[in-house]
1. Using a basic spin-label model with each label point 7 Å from the Cα along Cα→Cβ, how many nm lie between Leu4 and Ser30?
2. Per-residue HN-Hα couplings for the range 51-68, Karplus 6.51 cos²θ - 1.76 cosθ + 1.60 at θ = phi - 60°, whole Hz, x for Gly and Pro?
3. Using r as the Cβ-Cβ distance of Lys15 and Ala39, and R0 as 35 Å, what FRET efficiency do you calculate, to the nearest 0.05?
4. Can you tell me the orientation of helix 28-40 relative to the chain, as the angle in degrees between its alpha-carbon axis and the longest Cα principal axis, to the nearest 10?
5. Can you give me the accessible area per residue for the chain, using a 1.4 Å probe, in Å²?
6. Can you send over the carbon and sulfur percentage of the accessible area for the chain, probe radius 1.4 Å, protein chains only?
7. With +1 on the Cβ of every Lys and Arg and -1 on the Cβ of every Asp and Glu, and nothing else charged, how large is the dipole of the chain about its Cα centre, in debye rounded to the nearest 20?
8. With just the Cα atoms of the chain, tell me how far they stretch along each of the three principal axes, in Å, largest first.
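The values are calculated or read from the model by the stated rules, or taken from the named source; none is laboratory data. Given the structure is predicted, the values throughout are model-derived calculations rather than measurements. A quick note on method: Cβ atoms are made from the backbone with ideal geometry, for glycine too, and the neighbour counts reach across all protein chains shown. Quick note on the areas: whole protein, heavy atoms, side chains included, nothing else; ligands and nucleic acids left out. Shrake-Rupley method; radii C 1.70, N 1.55, O 1.52, S 1.80 Å.
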Amino acid sequence: MANLTVKDLPDSLYKKLKSQAHANRRSIASEVTVLLERALGERATSEEDLLHRAKRLRDRTPTRLTEEKRREAVRRGRS
């Protein structure tokens, strides 16, 4: 994977980028990658890699949403 260095980035733009990355729970590098993908109409991350990342995230999640818990949440949401 290639590296990219951006020189002379205005402070105001960096602050906006940093804020947006934080809001999206991404690193600044990941946020830049997402923005470039959108701007260039490309997906740098393969679908297979995205599915692998999702599985790792599910595996690290301490609790699972069982069907019973889902029904209870729906029931509580309606009352």
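1. The two pseudo-label positions are separated by 1.7 nm.
2. Listing the rounded values in order: 5, 5, 4, 5, 5, 4, 5, 4, 5, 8, 6, x, 10, 10, 8, 7, 4, 5 Hz.
3. It comes to 0.95.
4. Taking the Cα atoms of the chain, the angle to 28-40 is about 80 degrees.
5. Numbers: 7710 Å² over 79 residues.
Per-residue value: 98 Å².
6. Values: 4030 of 7710 Å².
Its accessible area is 52 percent carbon and sulfur atoms.
7. Here the chain has a charge dipole of around 640 debye.
8. Largest to smallest, the principal-axis extents are 54, 31, 24 Å.
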